[in-house]
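A.B. asks: What follows is a single structure, and I will ask about it in a moment.
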Amino acid sequence: MQFKVNEDRLWANIMEIGEIGGTEKGGCNRIAFTDLDRQGRNLFKKWCEEAGCTVSVDGFGNMYARREGRNPDAPVVMVGSHLDTQPTGGKFDGILGVLAGLEAICTMNDNGIETDAPIEVVNWTNEEGCIFRPMMGSEVWTGLLPLEDALKMRAEEGWTIGEALERIGYAGDAPMMDGRNVACYLEAHIEQGPVLEDAGEAVGVVDSTQGFGWYDITLTGREAHAGPTPMSSRRDALMGMSHIALEVKRIAEENAPGMGTVGKVAVFPNSPNVIPGRVEFSADLRHPNGETLKAMDAEFRKVAAQIAKEMELEVDLELTVLRPGVMFNQVLADRVEEAAKATGKSYRRMYTGAGHDACNIARFLPTTMVFIPCRDGISHNEAEWAESEHCAIAAQVLTETLVAAANGEIDFGEA
């Protein structure tokens with residue numbers, strides 16, 4: 001195709017929205033359901049309407065900016081990501097995918113490109129999960145989480161999600177997935193890892209997802225004075241957690257390329273001279289192979305129970321989320337690969353190590369993702385950074401694939 005996205009426009013948009021919730025260290029703090037989230041949404045809505053799109057909102061606050069096609073009844077082609085960030089997040093995680101989708105539409109407008117099917121740019125609500133669980137917008141949209149249940153979820157401060165959406169003005173009535181006719185979904189994102197940068201490659205064609213399991217664990221022992229209590233008679237919940245945390249690391253390393261993380265810990269009573277009587281903590285296990293992930297889960301449960309027994313602790317282990325890895329639509333990924341090749345830049349096929357809205361949607365619709373490098377592989381950090389050139393390449397690949405999909409040039413088949 002003889003057109004090129006506007007790199008300067010895309011970069012200016014990324015930088016401008018990054019000022020909403022901007023931090024002193026150059027990152028962004030724009031948590032879902034906050035006033036800053038509302039401001040970011042409002043700016044995105046303004047840009048979409050200026051590009052000739054109509055913007056609608058569903059009952060969970062997901063936003064849809066629609067560019068009409070010649071046949072408004074044709075299955076819509078969707079593209080997007082999220083605008084919310086971590087408390088100390090960056091300017092690119094999620095934001096790139098939304099604004100690259102908008103740039104694709106602006107590029108079509110600039111070049112007078114019409115499509116048979118409509119195209120919609122989506123901003124999914126609460127992908128980051130700083131307050132509640134992550135990837136909720138697409139989880140609710142696909143029906144994996146009922147809307148009624150999601151709206152009733154209550155934050156520690158007492159408000160519910162439904163109340164928060166009303167407060168920020170983003171509680172709508174647009175249909176969820178089962179009320180729509182959708183052809184496919186595309187999402188661009190920074191890699192959030194070092195693979196592309198280390199290899200000197202500009203594009204990742206993402207054709208599969210890594211599965212993951214999240215756990216909430218509580219160990220209960222016995223509080224006691226740190227001075228007179230002999231080591232042999234202690235029931236130290238924190239020491240038990242430390243042993244289990246090391247097992248998370250071991251299980252991941254022995255199942256390469258598996259991942260294992262203990263990311264959240266609460267110690268009670270959290271006093272320097274009291275042996276901890278209770279510890280609540282999280283564990284995260286990941287692997288691209290579903291059978292291996294199941295084996296990791298079984299091993300983790302076994303060793304956690306064994307450690308608790310040996311250290312005379314009570315253990316409550318709950319698997320809160322289990323998402324097996326899935327294959328993306330290979331025909332759609334092949335088309336993304338064609339567009340990546342056309343840029344003249346180096347690329348690779350790869351899986352996503354992080355969870356994305358695309359991972360939920362791929363269970364129901366033809367889906368794939370486009371990755372670009374991020375500096376030092378850093379994300380969920382104020383130092384997160386992507387180069388302007390790479391952002392434009394992502395938008396270029398998206399645009400060419402979107403036009404092909406919306407003109408019926410991709411036969412998704414059963415792939």
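Only the coordinates and a few stated rules stand behind these numbers; no lab work does. Because the structure is a prediction, the values reported are computed rather than measured. For neighbour counting, all protein chains shown are included, and Cβ atoms are generated from backbone atoms with ideal geometry for every residue, glycine included.
A.B. asks: Can you tell me the order of 207-217, 88-98, 280-290 when each peptide is scored by its average per-residue count of other Cβ atoms within 10 angstrom, highest first? Walk me through the numbers before you get to the answer.
C.D. replies: Values: 207-217: 21.3, 88-98: 26.6, 280-290: 19.6.
Highest mean packing first, the order is 88-98, 207-217, 280-290.
A.B. asks: Where does helix 237-254 land angle-wise versus the long Cα axis of the chain, in degrees 0 to 90, nearest 10?
C.D. replies: Here the helix axis deviates by roughly 50 degrees.
A.B. asks: Can I ask one more? Using a Gaussian network model on the chain with a 10 Å cutoff between Cα atoms, which of GLY172, GLY137, GLY263 fluctuates the most?
C.D. replies: GLY263
A.B. asks: To continue, here is another question. Among ASN329, ASN111, ASN123, which one shows the highest mean-square fluctuation when the chain is modelled as a Gaussian network with alpha-carbon springs under 10 Å?
C.D. replies: ASN111
A.B. asks: What number of lysine-lysine pairs in the chain show an alpha-carbon separation below 29 angstrom, given a sequence spacing of 8 or more or placement on distinct chains?
C.D. replies: Final tally of qualifying lysine pairs is 25.
A.B. asks: Over region 212-323, what number does the Rg to Rh ratio reach, with both radii from the alpha-carbon atoms and Rh per Kirkwood?
C.D. replies: Result for region 212-323 is an Rg/Rh of 1.02.
A.B. asks: I want to check the label-to-label distance for ALA155 and GLU409. Put each point 7 Å from Cα in the C-beta direction and report it in nm to one decimal.
C.D. replies: 4.5 nm
A.B. asks: Further question: Hey, could you get me the Stokes-Einstein D for region 272-415, Kirkwood radius over alpha-carbon pairs, 4 °C and 1.567 mPa s, rounded to whole µm² s⁻¹?
C.D. replies: The calculation lands on 68 µm²/s.
A.B. asks: Mind telling me which of GLY52, GLY344, GLY353 comes out most flexible in a GNM of the chain, alpha-carbon contacts under 10 Å?
C.D. replies: Top of the fluctuation ranking is GLY344.
A.B. asks: By the 4.7 Å beta carbon criterion, which cysteine residues of the chain come out unpaired?
C.D. replies: Result for the chain is CYS28, CYS106, CYS130, CYS184, CYS359, CYS374, CYS391, no neighbouring Cys Cβ within the cutoff.
A.B. asks: Can you tell me which of 77-87, 363-373, 239-249 comes out highest on packing, and rank the rest after it, using the mean Cβ neighbours within 10 Å? Please list the in-between numbers first.
C.D. replies: Values: 77-87: 26.4, 363-373: 24.2, 239-249: 19.5.
Final packing ranking: 77-87, 363-373, 239-249.
A.B. asks: Whole Å is fine, so just give me how far the alpha carbon centre of region 59-86 lies from that of region 240-281.
C.D. replies: 40 Å
A.B. asks: State the answer as a single residue: which of CYS374, HIS390, ASN273 lies farthest towards the positive end of the charge dipole of region 273-398, with beta carbon charges of +1 for Lys and Arg and -1 for Asp and Glu, about the Cα centre.
C.D. replies: It is HIS390, whose Cα lies furthest towards the positive end.
A.B. asks: Would you work out if region 120-219 is rounded, prolate or oblate? Take a ≥ b ≥ c from the square roots of the eigenvalues of the alpha-carbon gyration tensor; rounded if a/c is under 1.5, else prolate when a/b is larger than b/c, oblate otherwise. Write down the numbers at each step before the final one.
C.D. replies: Numbers: a/c = 2.11, a/b = 1.39, b/c = 1.52.
Judged from the Cα gyration tensor, region 120-219 comes out oblate (a/c at least 1.5, b/c at or above a/b).
A.B. asks: Here is a further query. For region 100-156 and region 199-215, write down the distance between their C-alpha centroids in whole Å.
C.D. replies: Taking the Cα centre of each part, region 100-156 and region 199-215 sit 20 Å apart.
A.B. asks: Something else now. In degrees between 0 and 90, to the nearest 10, how far off the longest principal axis of the chain does helix 330-342 point, with axes built from Cα atoms?
C.D. replies: 70 degrees
A.B. asks: Rounded to whole Å, give me the distance from the Cα center of region 288-323 to that of region 394-415.
C.D. replies: 41 Å
A.B. asks: Right, another one. Restricting to the chain, compute how many DSSP beta bridges are antiparallel as a %, nearest 5.
C.D. replies: 65 percent
A.B. asks: Further question on the same structure: Among [x] -0.69; [y] -0.26; [z] -0.22, which is the computed log10 I(q)/I(0) by the Debye sum over Cα atoms at q = 0.06 Å⁻¹?
C.D. replies: From the options [x] -0.69; [y] -0.26; [z] -0.22, the structure gives [y].
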